[in-house]
Amino acid sequence: MLTRVLGRIFKQDVATKIKRLKKKRNAVILAHNYQLPEVQDIADYRGDSLELSRIAAKTDAKVIVFCGVHFMAETASILCPDKKVIMPDINAGCPMANMITAADLRRIKKEHPKAVVIGYVNTSAEVKAELDVCCTSTNAVAVVNAFKDKEEIIFVPDKYLADYVSKRTGRKLISWNGFCPTHIKILPEDIKREKRFHPQAKVMVHPECLPAVVALADAVLSTSQMSRFAKETDAKEIIVGTENGVIYRLKKDNPGKEFYPASEAAVCPNMKRTTQEKILWALEELKDEVRVSETIRARARKPIDRMLEII
Ligand code: 13P
Ligand code: SF4
């Protein structure tokens, strides 16, 4: 009991110090929807990849503390070269983003020289530099639809997002063998079991899930689209097929509704590396900074800007 009370006082102390230091440093704290509750609570903005990119592009702050994974902080740095983008834990990477290199993509481009090259935002800056246009899970369908005149479309690195987009647009996509190790842990059996337990519940899943899981869903959505769907639907119970960090926000925003994780195994260890203590240290020392070389930055910026123009 005493340890719990002391723990809470310590956390309050850390939160107060973060708020004070944030003002002094002219910093803004951005947190992805999968972050730990204590990180979501201290953040100025929470959102999905697309929303956080838009916020980063517009902020007046001098320092961006990015609580997410490396490619997200890198995207912020590409959009805001005059700002200092820091990560509380620089080792928070995205295994899917690491599944394709710029050399891999150059090889595919060589095989399909006329193809338009679309890349998921979950890629390194070097890979983005090779793209024609970027996309996120929110706008992938719209981005592919924007290239109706193109015969061939390369879509990397997530083969499951590619499968979903291909089915929604009716376009054949040249894809890569990438995937999210967290989302593939959600199995069709999990959805079927939760549906048996909660027959009235609606099922929403992320498009990074296995196609057999996507096929069982009522809605296929990015993390922030899930927040909107949860608010707008008449359903009082929702089965959630994505990284389980989103459930904290869903419950907070919809106290009258019940949310059930499709699988307890859907936890992204990289998204859980950031804590309030690490945010405080990052603000104290203004590190670790995420910076992209100017040559790569200039090339990687174009596909992101093109995406932001499409949607
Ligand atoms: P969102 O764009 O939906 O936030 O997804 C990012 C991500 O990494 C999903 O695993
Ligand atoms: Fe990458 Fe998957 Fe983690 Fe998202 S949940 S950051 S795609 S590993």
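Every number here is computed from the coordinates shown, using simple stated rules; none is lab data. Source: prediction; values computed, not measured. Cβ atoms come from the backbone with ideal geometry, glycine included; neighbour counts cover every protein chain shown.
Of the residues that sit in region 74-97 and are within 12 Å of ligand 2 (Cβ to nearest atom) and among the hydrophobic types (A, V, I, L, M, F, W, C), which one is nearest to the chain's Cα centre (by Cα)?
So the residue we want is C94.
Name every residue in region 253-268 that is free of Cβ contacts under 8 Å to residues at least 24 places away in the same chain and under 20 Å from the mean Cα position of the chain (by Cα), in order of residue number.
Of everything in region 253-268, those that are free of Cβ contacts under 8 Å to residues at least 24 places away in the same chain and under 20 Å from the mean Cα position of the chain (by Cα) turn out to be P261, E264.
Just give me the residues in region 265-311 being within 16 Å of ligand 2 (Cβ to nearest atom) and surrounded by fewer than 14 Cβ atoms within 10 Å (Cβ to Cβ), in sequence order.
A265, P269 - these are the residues of region 265-311 that are within 16 Å of ligand 2 (Cβ to nearest atom) and surrounded by fewer than 14 Cβ atoms within 10 Å (Cβ to Cβ).
Is there any pair with a first residue in region 15-39 that is more than 21 Å from L221 (Cβ to Cβ) and free of Cβ contacts under 8 Å to residues at least 40 places away in the same chain and a second that is assigned to a strand (DSSP E or B) and away from ligand 1 (no atom under 15 Å from the Cβ) whose Cβ atoms are under 9 Å apart and which are 6 or more apart or on different chains, and what are they?
Filtered contacts from region 15-39: N26/V63; V28/V63; V28/I64; V28/V65.
Please work out which residue is surrounded by the most Cβ atoms within 10 Å (Cβ to Cβ), limiting yourself to region 100-156 and to residues that are touching a Ser or Thr at 6+ places or on another chain (Cβ under 7 Å) and among the polar types (S, T, N, Q).
The qualifying residue surrounded by the most Cβ atoms within 10 Å (Cβ to Cβ) is S137.
Do we find a residue being more than 16 Å from ligand 2 (Cβ to nearest atom) and either surrounded by 24 or more Cβ atoms within 10 Å (Cβ to Cβ) or of a type in the set (S, T, Y) (or both) anywhere in region 49-57?
Looking through region 49-57, at least one residue is more than 16 Å from ligand 2 (Cβ to nearest atom) and either surrounded by 24 or more Cβ atoms within 10 Å (Cβ to Cβ) or of a type in the set (S, T, Y) (or both).
Provide a single number: the residues in region 17-54 that are of a type in the set (K, R) and within 16 Å of ligand 1 (Cβ to nearest atom).
So the answer is 2.
Answer yes or no: is there a residue in region 268-289 that is farther than 18 Å from F66 by Cα and assigned to a loop (DSSP other than H, G, I, E, B).
no
Among the listed residues V85, V116, V65, V121, identify the single one that is within 16 Å of ligand 1 (Cβ to nearest atom) and in contact with a strand residue (DSSP E or B) (Cβ under 8 Å, 6 or more places away or on another chain).
V121
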